[in-house]
Amino acid sequence: MHCLFISTHFPENLKTDVQGTFKRQRIFIDALKEISQLEFLFFVPSDKNTSKSDIDKKANALSEHWGLPISLTLCESSRYPRHLPKWKQQKNGILDFRQQKKFIETSGQTQIQALETCLENKPDFIFCHRLPSMGLITRVRRRLPTIFFDLDDIEHVSFARRVHQPPVRLRTLLYYLQIPALFYGETKAIRKANQTFICSNTNRKYLSQYLQLPGIKVIPNAVSIPEPQPLTDAPNLMLLGGYYFYPNRNAADLLIEKIWPLVRARQPEARLIIAGSSPHLIRSYDKNPPGVEFTGFVENLDELYARTRVVCCPVTAGSGTRVKLVEAAAYGKPIVSTTLGAEGLSLIDEESYLQRDVISEFAEGCKRLLQNKTLAEKLGKSARKAAIENYDRSEIIRNIQGTIKDGLVL
């Protein structure tokens, strides 16, 4: 079989592009490569080299990294009109989600032509990675092969939550006017796909039962289950994420500025580890907050989790499920999270993690797990059990392969 894989997320740096979006992308690639020949169409920023020699070089690197022969096409993305005043940038997106900042990449004739060229190779099916790729598909008028669509996040829900995040200004509130177009475009994309993958039962119920949309299938975010680790006695809290992503950066600001001082006031020897790429974007990065360590990108996660007593997730925006919590659960680490941070996961408050939404209560939960080893070990073991039962990468890959095969037979 021949699969055309379409995405706007090109792994430029194979060492550091390992955040949740790329981890989920890789799960599907690993599943598809065992049942089909893969052709990739990636849309990349205009400053990237898309010469034939450079594409060949990238294709060879990806083939080696992913362990499969590939055909690769790179197409320049459409540009967002940043030169215009903010209200004019927002105007077109009120009528068409494909003109919104996050989705405009695949909205032009150049992108349609790139897709048409790939379709001349007659793929047996198309795999669209995230909504921008399906936005392109909705512009094509010709008959298409079977389409599998990984939605991952429900974009109109995520967008509404992001607009609501502080600081809220009048020009920010204008983005609310774009939500109806995004909602309509997202539902249209789901209806055009033969099968749509979503990452949690919470999202499936919303799309299938509340919105009555067809073909929704849960494919959870997943991790390779690591060896269990003993719980460290070191009083270390840890937050892991990519801080170029606003919800993670906002969570870090909240943790460092509001929650951490309450923890440290009761336990001065405690340390807070802020791990992940782009920490310089965090508001307090240059202020040397006491007891806080910024590690930057961490390659060896075994070592990072070995020195972590408690994993924190004070996330207040976004949708989907957080891979970092699936990962922490797989390592058997006790977790303190907001309700939204653990949304959609098979974790139970007070049984496999502590759910805390008030700043003082979040800090109290962290202190409780630093001081009560019995409780920390109990929560960690329960979280690891949930990860093994629900988020084992090898099982998820088999599930994807079965779903693809069944979808092509129907």
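The values are calculated or read from the model by the stated rules, or taken from the named source; none is laboratory data. All figures in this text were calculated on a predicted structure; none of them were measured in a lab. Don't worry about glycine lacking a Cβ; one is built from the backbone with ideal geometry, like all the others, and counts go over all protein chains shown.
Miscellaneous remarks
Rundown of residues vs (1) in a helix (DSSP H, G or I); (2) touching a Lys or Arg at 6+ places or on another chain (Cβ under 6 Å), yes/no style:
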site	(1), (2)
Ser53	yes, no
Asp56	yes, no
Ala59	yes, no
Leu74	no, no
Tyr80	no, yes
Leu84	no, no
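- Screening the stretch 280-386 for strands (runs of 3 or more DSSP E) wholly inside it with 2 or more residues that are under 20 Å from the mean Cα position of the chain (by Cα) returns the ranges 310-313, 335-337.
- Condition check for Pro132: within 30 Å of Ala376 (Cβ to Cβ) and in contact (Cβ under 8 Å) with a residue 60 or more places away in the chain: no
- The residue of the stretch 214-228 that is surrounded by the most Cβ atoms within 10 Å (Cβ to Cβ), among those that are outside any loop (DSSP other than H, G, I, E, B) and in contact with a Ser or Thr (Cβ under 8 Å, 6 or more places away or on another chain), is Ile216.
- Only one entry in Glu155, Glu116, Glu120 is of a type in the set (D, E, K, R) and buried (at least 21 other Cβ atoms within 10 Å of the Cβ), namely Glu155.
- Any chance Gln25 is touching a His at 6+ places or on another chain (Cβ under 8 Å), touching a residue at least 12 places away in the same chain (Cβ under 8 Å), surrounded by fewer than 22 Cβ atoms within 10 Å (Cβ to Cβ) and assigned to a helix (DSSP H, G or I): yes
- Condition met for Lys367 (outside the structural domain of Phe159 (by TED's automatic domain parsing), crowded, with 24+ Cβ neighbours inside 10 Å, in contact (Cβ under 8 Å) with a residue 40 or more places away in the chain and basic (Lys, Arg)): no
- The residue that is farthest from Ser36 (Cα to Cα), among those in the stretch 387-410 that are of a type in the set (Asp, Glu) and part of a helix (DSSP H, G or I), is Glu389.
- Just one of the listed residues (Arg204, Arg191) is more than 19 Å from the chain's Cα centre (by Cα), in a helix (DSSP H, G or I) and of a type in the set (D, E, K, R), namely Arg191.
- Asp47 being in contact with a Pro (Cβ under 9 Å, 6 or more places away or on another chain), outside any strand (DSSP E or B) and modelled with pLDDT under 90: no
- Here Arg307 meets each of (1) over 19 Å from Lys258 (Cβ atoms); (2) modelled with pLDDT under 95 with one exception, condition (2).
- Subset of the stretch 310-329 (residues that are modelled with pLDDT under 95 and small (Gly, Ala, Ser)): Ala317, Gly318, Ser319, Gly320
- Restricting attention to the stretch 1-20, the residues being under 13 Å from Phe42 (Cβ atoms) and either at pLDDT 95 or above or out of contact with any Phe, Trp or Tyr (no Cβ under 7 Å at 6 or more places or on another chain) (or both) number 9.
- Here Leu68, Leu74 are screened, and the one residue that is surrounded by fewer than 18 Cβ atoms within 10 Å (Cβ to Cβ), modelled with pLDDT of 90 or more and either under 26 Å from the mean Cα position of the chain (by Cα) or acidic (Asp, Glu) (or both) is Leu68.
Per-residue answers, yes or no, for (1) farther than 30 Å from Arg398 by Cβ; (2) touching a strand residue (DSSP E or B) at 6+ places or on another chain (Cβ under 8 Å); (3) of a type outside the set (Val, Ile, Thr); (4) in contact (Cβ under 8 Å) with a residue 40 or more places away in the chain:
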{"position": "Gln178", "(1), (2), (3), (4)": "yes, no, yes, yes"}
{"position": "Lys192", "(1), (2), (3), (4)": "no, yes, yes, yes"}
{"position": "Tyr206", "(1), (2), (3), (4)": "no, no, yes, yes"}
{"position": "Asn236", "(1), (2), (3), (4)": "yes, yes, yes, yes"}
{"position": "Tyr244", "(1), (2), (3), (4)": "yes, no, yes, no"}
{"position": "Asn250", "(1), (2), (3), (4)": "yes, no, yes, yes"}
{"position": "Arg266", "(1), (2), (3), (4)": "yes, no, yes, yes"}
{"position": "Arg271", "(1), (2), (3), (4)": "yes, yes, yes, no"}
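- All of Leu182, Leu237, Leu211 fail the test of being in contact with a helix residue (DSSP H, G or I) (Cβ under 7 Å, 6 or more places away or on another chain) and surrounded by fewer than 18 Cβ atoms within 10 Å (Cβ to Cβ), apart from Leu211.
- Residue tally, condition surrounded by 17 or more Cβ atoms within 10 Å (Cβ to Cβ) and either in contact with a helix residue (DSSP H, G or I) (Cβ under 7 Å, 6 or more places away or on another chain) or assigned to a helix (DSSP H, G or I) (or both), over the stretch 263-275: 6
- So Thr187, is it out of contact with any strand residue (DSSP E or B) (no Cβ under 6 Å at 6 or more places or on another chain), over 28 Å from Gln89 (Cα atoms), assigned by TED's automatic domain parsing to the domain that holds Lys101 and among the β-branched types (Val, Ile, Thr): no
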